[in-house]
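Before any comments, here is the structure.
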Amino acid sequence: MNRIEAMFAEKAKTGQKAFIPFITAGFPDLPRTERIITLLAENGADLIELGIPFSDPIADGPTIQRASAAALEAGASVARIVGLVRQVRRQTGVPILLFSAYNPLFHRGLARVADEAKQAGADGFLVPDLPPEESAEFDAILRERDMPLIYLVAPTTPPQRREKIARLARGFLYYISLKGVTGERASLPADLESGVAELRRHTALPIAVGFGISRPEHARAVARFADGVVVGSAIVKKIEELRDDPDWEHHLAEFVSSLASAAKASVGVEPDPPRVGCDFRNHA
Amino acid sequence: MEQPQTIAPRQARPDADGHFGEFGGRYVPETLMPALLELEQQYYRFRDDAAFRAELDHLLRTYAGRPTPLYFARRLSERLGRGIRVYLKREDLLHTGAHKINNTLGQGLLARRMGKPRVIAETGAGQHGVATATAAALLGLQCEVFMGEEDMERQALNVFRMQLLGARVVPVHSGSRTLKDATNEAFRDWMARCEDTHYIVGSVVGPHPFPMIVRDFQSVIGIEARAQILEIEKRLPDVLLACVGGGSNSLGLFHPFYEDRTVQFVGVEAAGLGRHTGKHAMSITTGQVGVFHGAREYVLQNDDGQIQIAHSISAGLDYPGVGPEHCFYAASGRARYAAVTDAEALEGVKVLCELEGIIPALESAHAVAHLVLHLRDELPDGAIVIVCLSGRGDKDVYVLKEHLGKM
């Protein structure tokens with residue numbers, strides 16, 4: 001069993017929900033990304049979506065677009081990000097899901113990038129522009145290496161298509177909470193809970209919900225009916241705001257921990273206080 | 001005469017998932033997949049619908065100005081010598097000044113039939129934006145055009161034209177603030193609003209079914225040209241020649257001749273400042289396969305798979321990708337692709353102005369330049385060549401004055 005499946009299996013036993021932060025790798029720069037990953041792990045992250053920046057991200061809103069552009073400008077690349085994962089694996093066992101547009105992976109070579117990621121200690125891939133119609137090649141490559149390819153289901157996805165996607169899925173299913181791009185929204189769509197409930201009819205896998213979840217109250221609300229809560233743009237925006245703040249670690253830890261506690265509080269688990277201790281080790 | 005056919009018959013390509021050989025497909029976020037599947041289904045329904053086709057034919061004839069002439073360029077032919085006969089397919093004479101209107105009328109009608117009251121489009125120089133705004137005004141559709149901030153500054157007059165036609169021009173601040181970023185933004189908008197909105201993609205690019213739809217609507221160019229040359233010359237041409245950015249005018253000309261194996265296709269890309277400067281738009285001729293704007297195709301990219309910015313003096317060729325059907329033609333050898341530089345394209349403009357009294361668009365001038373400067377020597381005596389004159393040069397007069405004004 002890979003780390004992602006093991007994490008969800010563990011959660012299922014305790015009834016707790018998974019908190020899944022997304023960050024853009026290389027933003028504001030690679031050394032800080034390394035520190036951010038350990039900081040997320042110390043403050044309640046159960047799985048980290050590590051975004052590989054792309055020049056033309058069509059599914060992303062302004063916050064992640066800006067972060068991606070800045071990360072590329074600062075020298076982020078697939079090879080360096082894989083190196084970063086290798087580095088960070090010495091410090092934490094938190095599951096890491098590489099989140100990437102298809103082209104950077106395709107360009108590097110699908111089997112090569114899968115091998116490199118596996119050896120570095122990454123646990124799976126999520127490729128937002130790779131629908132099931134085009135995913136067979138990469139899915140087979142990842143399957144051989146026991147790394148799940150995470151599939152997405154949108155509110156617009158009709159039931160027979162959900163069925164098809166659910167049959168291919170491993171690890172967990174990612175339910176996109178809203179139509180449109182990533183980014184913060186004032187409120188969650190009214191039909192979100194029913195959308196997730198409908199998806200459960202097609203799958204026994206855990207369901208994580210993402211897009212637009214930016215506040216602790218959103219996280220708390222989503223955790224009532226989902227198995228995992230993904231927060232992306234709100235964290236990336238916080239990192240952006242704190243980029244010149246000498247005390248950024250502390251503030252980021254506080255922010256992340258408030259989201260993590262909210263995601264986990266829905267079943268009455270006592271939240272941990274924020275942690276910034278650099279010597280903290282989270283061995284899986 | 002029989003009612004002219006304006007949409008090519010249904011083809012074996014692309015396959016059911018939009019592949020032209022190894023190219024094409026649908027590489028898009030799941031949120032867009034249902035919209036693409038719906039569009040495909042609706043498109044098949046309407047393209048086979050007699051009333052839809054009659055309505056489109058009527059607009060193309062009475063509004064856009066079809067059929068366009070196939071003009072024998074006598075003085076240009078004489079200049080080439082050796083009995084070579086050059087014909088120009090005069091898409092430059094269409095309403096709005098280029099072939100773009102063939103597609104926007106077709107997709108505009110499709111949007112209306114699908115019950116979508118709002119259309120969006122991306123535009124670089126503004127030609128496709130103007131053609132979309134025109135079709136939207138004609139058909140009573142709400143229209144928003146995404147345009148890079150930098151392009152808006154360079155093409156202020158086209159921005160005003162679109163506004164005059166009732167469209168809202170949305171400035172795009174992200175990325176390089178040019179065509180590729182405007183396209184990203186149009187996809188983002190469509191993701192959020194696909195229920196009430198149709199995205200009128202401007203070239204034979206993007207995810208399936210767009211490359212097929214745009215090809216079909218542009219095929220009127222080749223369908224007409226084929227009938228016209230057979231009437232005039234009583235035989236098929238030897239060579240078809242057209243510029244390739246995304247590739248819609250060239251594919252519109254080539255596609256209806258696909259089965260005519262004696263007819264050679266030559267596509268001309270923009271070599272910009274030169275192949276070795278890195279400032280060009282030679283997606284096919286520098287040849288790296290990638291996935292861009294929803295399709296597998298040749299695309300300009302760096303060693304890390306990040307998309308590069310294209311360069312050409314002609315805004316319509318200034319795009320880092322190229323349509324998947326062209327990639328298939330290139331890989332299978334059905335078509336050949338060459339490239340000419342900015343400076344050579346300007347030569348092409350001068351030749352056509354001086355010999356034929358036609359100011360061509362800079363895009364189309366690439367095809368003319370390739371013929372005069374390179375292809376001529378390869379042609380057999382007495383060869384018949386059709387060049388797609390995709391647009392007129394009015395939009396380029398400022399650029400032309402800047403480069404040629406000191407004559």
Roughly what would the spin-label model give for A:Glu254 and B:Leu236, points 7 Å off Cα along C-beta, in nm?
7.5 nm
Inter-chain shielding metric for B:31-40, i.e. average beta-carbon neighbours from other chains within 10 angstrom, reads 5
In terms of the charge dipole of the protein assembly as shown, which places +1 on Lys and Arg and -1 on Asp and Glu at the beta carbon, the residue among B:Cys327, A:Ala12, B:Leu39 farthest towards the positive end is B:Leu39
Could you tell me the convex hull volume per residue, in Å³, taken over the Cα atoms of the range B:184-310?
126 Å³
7 Å from Cα along Cα→Cβ at both B:Arg75 and B:Glu259: what's the point-to-point distance in nm?
4.1 nm
Rounded to the nearest 0.05, what FRET efficiency do B:Leu157 and B:Glu402 have when you use their Cβ-Cβ distance and R0 = 22 Å?
0.90
Whole-number D in µm² s⁻¹ for the range B:299-407, Kirkwood Cα-pair radius fed into Stokes-Einstein, 10 °C, 1.306 mPa s:
103 µm²/s
GluC sites (Glu not before Pro) within the range B:1-109: which are DSSP loop residues with at most 11 other Cβ atoms inside 10 Å?
B:Glu2
Paramagnetic reach from B:Thr277 in the range B:323-348 [backbone N under 12 Å; point 7 Å along Cα→Cβ]:
B:341-345
Once a ≥ b ≥ c are taken as the square roots of the eigenvalues of the Cα gyration tensor of chain A, is the result rounded (a/c under 1.5), prolate (a/b larger than b/c) or oblate (a/b not larger than b/c)?
rounded
Quick check: the distance between the Cα centres of the range B:365-407 and the range A:10-82, to the nearest angstrom?
49 Å
Note the full-extension length gain between A:Arg201 and A:Asp244 as 0.36 nm times their separation in residues minus their Cα-Cα distance, in nm to one decimal.
10.8 nm
Given Cα pairs under 8 Å that are at least 6 residues apart, what percent is the relative contact order of chain B?
19 percent
Going by a ≥ b ≥ c, the root eigenvalues of the Cα gyration tensor, does the range B:81-156 fall in the rounded group (a/c under 1.5), the prolate group (a/b larger than b/c) or the oblate group?
oblate
Summing -39500 (n - 2.57) over every DSSP H run of at least 4 in the protein assembly as shown, dividing by its residue total and rounding to the nearest 500, the 222 nm mean residue ellipticity is -13000 deg cm²/dmol
So what is the relative contact order for chain A, in percent, with contacts set as C-alpha pairs under 8 Å and at least six apart?
23 percent
For the ranges A:6-14, B:344-352, A:132-140, B:290-298, what's the packing order if you count other beta-carbon atoms within 10 Å of each residue, average per peptide, and put the highest first?
B:290-298, B:344-352, A:132-140, A:6-14
Cα convex hull volume per residue for the protein assembly as shown (Å³)
150 Å³
Would you mind pulling out the separation of the Cα centroids of the range A:96-120 and the range B:79-143, in Å?
40 Å
Enumerate the helices in chain A for which the Kyte-Doolittle hydropathy averages -1.0 or more and the C-alpha atoms extend at least 20 Å along the helix's axis, using complete DSSP H runs.
A:248-265
Calculate the FRET efficiency for B:Ala51 and A:Glu144 from the Cβ-Cβ distance with a Förster distance of 56 Å, rounded to the nearest 0.05.
0.60
Pop the C-beta distance of A:Arg112 and B:Asp196 into the FRET formula with R0 = 45 Å and round what comes out to the nearest 0.05.
0.55
Report the relative contact order of the range B:174-247, percent, no decimals, based on alpha-carbon pairs under 8 angstrom and at least 6 residues apart.
21 percent
Descending semi-axes in Å of the range A:1-80, equivalent ellipsoid built from Cα gyration tensor
27, 14, 11
Just check chain B against the gyration tensor rule for me: Cα atoms, a ≥ b ≥ c as the square roots of the eigenvalues, rounded for a/c under 1.5, and otherwise prolate or oblate depending on whether a/b exceeds b/c.
rounded
B:Tyr27 - accessible surface, heavy atoms, 1.4 Å probe, Å² rounded to 10:
10 Å²
Among beta bridges that DSSP assigns inside chain B, antiparallel share in %, nearest 5:
30 percent
Using label points projected 7 Å from each Cα along Cα→Cβ, tell me how many nm separate A:Arg86 and B:His95, to one decimal.
6.2 nm
When you look at the Cβ of every residue in A:170-183, what mean number of other chain Cβ atoms sits within 10 Å?
3
So which residue, out of B:Ala54, B:Ala281, B:Ala135, gets the largest mean-square fluctuation from a GNM of chain B using Cα contacts under 10 Å as springs?
B:Ala54
So what is the diffusion coefficient of the range A:1-146 in µm² per second by Stokes-Einstein at 10 °C and 1.306 mPa s, using a Kirkwood Rh over Cα pairs?
102 µm²/s
In debye, nearest 20, what is the charge dipole magnitude of the range A:47-173 about its Cα centre with +1 on Lys and Arg Cβ and -1 on Asp and Glu Cβ, if you could check?
360 debye
Expressed as a whole number, the average count of other chain Cβ atoms within 10 Å around the Cβ atoms of B:163-176 is 1
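The values are calculated or read from the model by the stated rules, or taken from the named source; none is laboratory data. Small disclaimer: the values here were computed from a predicted structure and weren't measured. Every residue, glycine as well, gets a Cβ built from its backbone with ideal geometry; the counts of neighbours run over all protein chains shown. For accessibility, only protein heavy atoms count, side chains too; no ligands or nucleic acids. Shrake-Rupley method; radii C 1.70, N 1.55, O 1.52, S 1.80 Å.
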